[in-house]
Structure formats: structure tokens, C-alpha cells
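Trainee: One structure follows; several queries about it will come next.
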């Protein structure tokens, strides 16, 4: 079984095709996974009243307006109207955090805000609350191009992310780059290999029947390569997120995206 | 209470065919899957959806364990007069939720 799968994979990787030249994606060829979907799924993502991810976004909007306790402000208590104050924020993350001296992603930032300004327990990674609030914040940047900060303090982590992206790992000996740089647009089984741009997270995946973060997606890919995924919140993920954001820019943000 | 999204036009002309879209958050647990502890998770699905216009039933659907989570149902009706639509979802574990939306027919 494994031998058949490996042989099929080898045949797939050796088959000639339009993207047979390894290496980085040319800027003109850069495209979101949205482009690989069929018209039915595209329509579902475009229509906010048909998009199940909007259920989480609405919960996030409630959380934004609700104070976590009587003596702590709501998110909106400091930041005001999210439509104005959060516009463009998600397009800049992950970003450098001076307080902890490391890069953090949007989920980390929300949890840090909860801890320091709301004196509340941080949300668990991948909890519905954290996903909803993150999706609500990121929705305010929908349509804006990804704009990773030009901050030299981020460079080492971004470099590490790139090294991780290109490193072979797991029992199959694959790297992220082998699929998403060298063979995007072709098929792995029945599925089209996307370029792997993180333009829509947190996103609703039909396979998950729920909203999930980029870290969940990365864990998925790692277990697909038969590698042991890092735990949620690991710095390796933030490094990868940093590199992926730079690699995807200036594609527009589409949170909450919908994917098969 | 489950989050529900209902979309229909606010106004319509008499005789117009209008499309109603409903989406509700629900896990639709089939009753066949094992949970993290290896035990079968109890079935938890919506079994019935009902739409009434001014008390009169205009659409009904029965749902079964193979439906995806967060069921999305759309249907059409003919706008005859102004009034209120009532949407009811019922299911396992006493799940019972009703939402309303109004339509103005000019």
C-alpha cells in the first residue's frame, strides 16, 4: 500500500507539466487557492450569507463588543469601531512584539491583549472564541494586499521559516517547496496542488466542517508528509507564517476564505 | 443558542419569486464516529426544518445523519403580501430554535 502510494507520488513528481521547473513562483503567476476552486465554491466564498465561516465571524463581532469582566474593557472599549481601527492590521501580521522580544501572529496578539489589558485568561489555540475573534479582526482587512512589515528584527525568523519551507521532513522526505513551489497547479490524487498562500486564514474548510487557523493547516500538511507536527503555538509556525506572508504578498487578504 | 444567518430580500413586488437562504451553526454529529476517547459520540443532528409565513407552512425539510455541519438550506417562494417568516430548526437533545424575518410587499 505504502509502496504503491510512493510509486504514484514518484510518478507524479517526475511527470512533465507546465510547472516542471523548480524554484520560486514568478510574481505574475502568483495566485490564491481561490483560483483553483470550482465555481460553486467560489460563489459560496463570495456570498457572505451562504458562507458558514461568517457564523464564526459574527461570534467574533460579539466578543469584540463584550467586556470579559465587569472591570475590564471590551476590545471595542479601547479600539473603538473595528471597521476603522482594525483595517489593515491582519495584513501586517505576523509582526515583531517588543514586549516578548519575538515575532507573534495575530492570534498571539489577541491573547496578549487579553492578558495585559483585559486581565483575562488567554483563549486556547484553535478554540472557537479565538478563531472567531481573529476572523472578525482579519475580515476588516479583506481585499487589502498582504503587507509584511519591513522590520529587520523579523529577518532571522523569516529566514528560519524559509529554511523550514525548503527542508525535507517526515517519512516521505518531502518539503513544502517540493509541492507548493515546484508542482503547484498539478494534481496530488484528485486534488489540485495550490501555491500555498496564507491569504484567507482563519478559513472555513469543508473537510474540517469548521473554521481553522493557518497553524492547523500547517499541521495537516506535516502529518500528510508523515512528519511530526509541532505543537500549536510553536515558534516554528510563526517563522513559517512570516515566510509565507512574504512569499504571498501582495496578494489580497480574503479572510474568512472557504476551501475544500 | 445556535447562530443563524437568514437572507431574503427586504422588499418585493407581489408575484415575485424570492429566494430565501438559511444557515445555522450546528455540529451535525452523525452518531457513528468515535470521539477522542474511542467511544461513539452520541448522535446530535437537526432532524427537521420548517418555514412558516404568517403561520402557514410553506417549506419543510427532514435532515438525516449524512448532512454536513452547519446546514445551509435555500428555497424559493412567491411573494404575495407583507408579513413575517418564521424559521424553526428542531433536532436531537431537545434542540429547538426559531428565528423570524419580515418581508414587505409593495
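Trainee: Among the residues of the stretch A:94-113, which ones are in a loop (DSSP other than H, G, I, E, B) and surrounded by fewer than 19 Cβ atoms within 10 Å (Cβ to Cβ)?
Mentor: Correct list: A:98, A:99, A:100, A:101.
Trainee: For residues in the stretch B:88-101 being more than 14 Å from chain A (Cβ to nearest Cβ) and in contact (Cβ under 8 Å) with a residue 60 or more places away in the chain, which is nearest to residue B:28 (Cα to Cα)?
Mentor: Ranking the qualifying residues of the stretch B:88-101, first place goes to B:91.
Trainee: I'd like to check something: does the stretch B:56-66 contain any residue that is within 13 Å of chain A (Cβ to nearest Cβ), without any contact (Cβ under 8 Å) to a residue 60 or more places away in the chain, surrounded by fewer than 16 Cβ atoms within 10 Å (Cβ to Cβ) and in a loop (DSSP other than H, G, I, E, B)?
Mentor: yes
Trainee: Let me ask you something else. So, in the stretch A:127-150, exactly how many residues are assigned to a loop (DSSP other than H, G, I, E, B) and in contact with a helix residue (DSSP H, G or I) (Cβ under 6 Å, 6 or more places away or on another chain)?
Mentor: Looking only at that region, the number is 7.
Trainee: Here's a follow-up. Quick check, is residue A:116 part of a helix (DSSP H, G or I) and modelled with pLDDT under 95?
Mentor: So residue A:116 fits the description; yes.
Trainee: Is it true that residue B:85 is within 14 Å of chain A (Cβ to nearest Cβ) and within 21 Å of residue A:55 (Cβ to Cβ)?
Mentor: No: the conditions fail for residue B:85.
Trainee: Applying the selection to the stretch B:67-88, what residues are part of a loop (DSSP other than H, G, I, E, B) and more than 15 Å from residue B:24 (Cβ to Cβ)?
Mentor: B:79, B:80, B:81, B:82
Trainee: Still on this structure, please answer the following. How about the stretch B:70-82: which of its residues are within 14 Å of chain A (Cβ to nearest Cβ) and either over 22 Å from residue A:52 (Cα atoms) or surrounded by fewer than 16 Cβ atoms within 10 Å (Cβ to Cβ) (or both)?
Mentor: Listed by number, the residues that qualify are B:74, B:75.
Trainee: Scan the stretch A:46-71 residue by residue and report those that are away from chain B (no Cβ under 13 Å) and surrounded by 15 or more Cβ atoms within 10 Å (Cβ to Cβ).
Mentor: Within the stretch A:46-71, A:64, A:68 meet the criteria.
Trainee: A further question on this structure: Here is a check on your reading of the model: is residue B:44 within 14 Å of chain A (Cβ to nearest Cβ) and touching a strand residue (DSSP E or B) at 6+ places or on another chain (Cβ under 6 Å)?
Mentor: The answer is yes for residue B:44.
Trainee: If I ask for residues that are within 14 Å of chain A (Cβ to nearest Cβ), part of a loop (DSSP other than H, G, I, E, B) and free of Cβ contacts under 8 Å to residues at least 40 places away in the same chain, which ones from the stretch B:24-35 would you list?
Mentor: Scanning the stretch B:24-35 gives B:30, B:33.
Trainee: Step by step: first the residues of the stretch A:7-42, then only those that are part of a helix (DSSP H, G or I) and in contact with a helix residue (DSSP H, G or I) (Cβ under 9 Å, 6 or more places away or on another chain), then the one that is modelled with the lowest pLDDT. Which residue is that?
Mentor: Among those residues, the one meeting the criterion is A:13.
The values are calculated or read from the model by the stated rules, or taken from the named source; none is laboratory data. All of these numbers come straight from a predicted model, not from anything done at the bench. When we count neighbours, we look across all protein chains shown, and the Cβ atoms used for this are built from the backbone with ideal geometry, even at glycine.
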